[in-house]
């Protein structure tokens, strides 16, 4: 399927006309005529001028101008700036591409950075307003143990942990482990974790101490 440039060039050859003769007759510069025949629309002005060139060129070689323009419109369109573009590029594609520029990049980066800071502050606020987590791995509820018992759990690394009102050390990963002695019988162990903001969470375990 021939392009508009090929159609015009072939018609000129059939008429045995040179580009210079076409340029003199149509008052189109040789540079533009050469670009038009090669379909090099990046070297041509806006689409409105290109359509005028095609119309005048078609008349000069005794072609139907409307048919030549129809071939041009089949293969080419124009963007928002009036420049000729291949039909495969839609207006929406060009519009979307033009929206992305260095200024847009800075705006998006600033928005993402702001969102990150906001998310961080919300996270910190929730930490301050809520009690720290507390998971007791050992002992289990209603577990039977001897007098020697090891309490193992996990909480926030910055929280303070007490077992039966006795403070125990918390590792950097939030784990804690403490051995305690209990008299025989059914006993209750109270484990409490408290955040720096004073929010606390408590877990109790009922233990049966046997000999």
For this session: Evaluate the following for residue 103: is it at pLDDT below 85, part of a helix (DSSP H, G or I) and at negative phi?
Result: yes
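The rows are residues; the columns are (1) in contact with a strand residue (DSSP E or B) (Cβ under 8 Å, 6 or more places away or on another chain); (2) in contact (Cβ under 8 Å) with a residue 40 or more places away in the chain.
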position	(1), (2)
116	no, no
154	yes, no
171	no, no
176	yes, no
185	yes, no
188	yes, no
198	no, no
208	yes, yes
Seminar exercise, completed: Among 87, 55, the single one that is at pLDDT below 90 and under 21 Å from residue 2 (Cβ atoms) is 87
For this session: Please enumerate the residues belonging to region 119-178 that are surrounded by 14 or more Cβ atoms within 10 Å (Cβ to Cβ) and part of a loop (DSSP other than H, G, I, E, B).
Result: 131, 132, 139, 156, 159, 164, 170, 174
Problem set entry | Unmet requirement for residue 104, which otherwise passes all of (1) farther than 30 Å from residue 83 by Cα; (2) surrounded by 10 or more Cβ atoms within 10 Å (Cβ to Cβ) | (1)
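The values are calculated or read from the model by the stated rules, or taken from the named source; none is laboratory data. Computed from a predicted model, the values in this text were never measured in an experiment. Here Cβ is always computed from backbone atoms with ideal geometry, including for glycine, and neighbour counts include all displayed protein chains.
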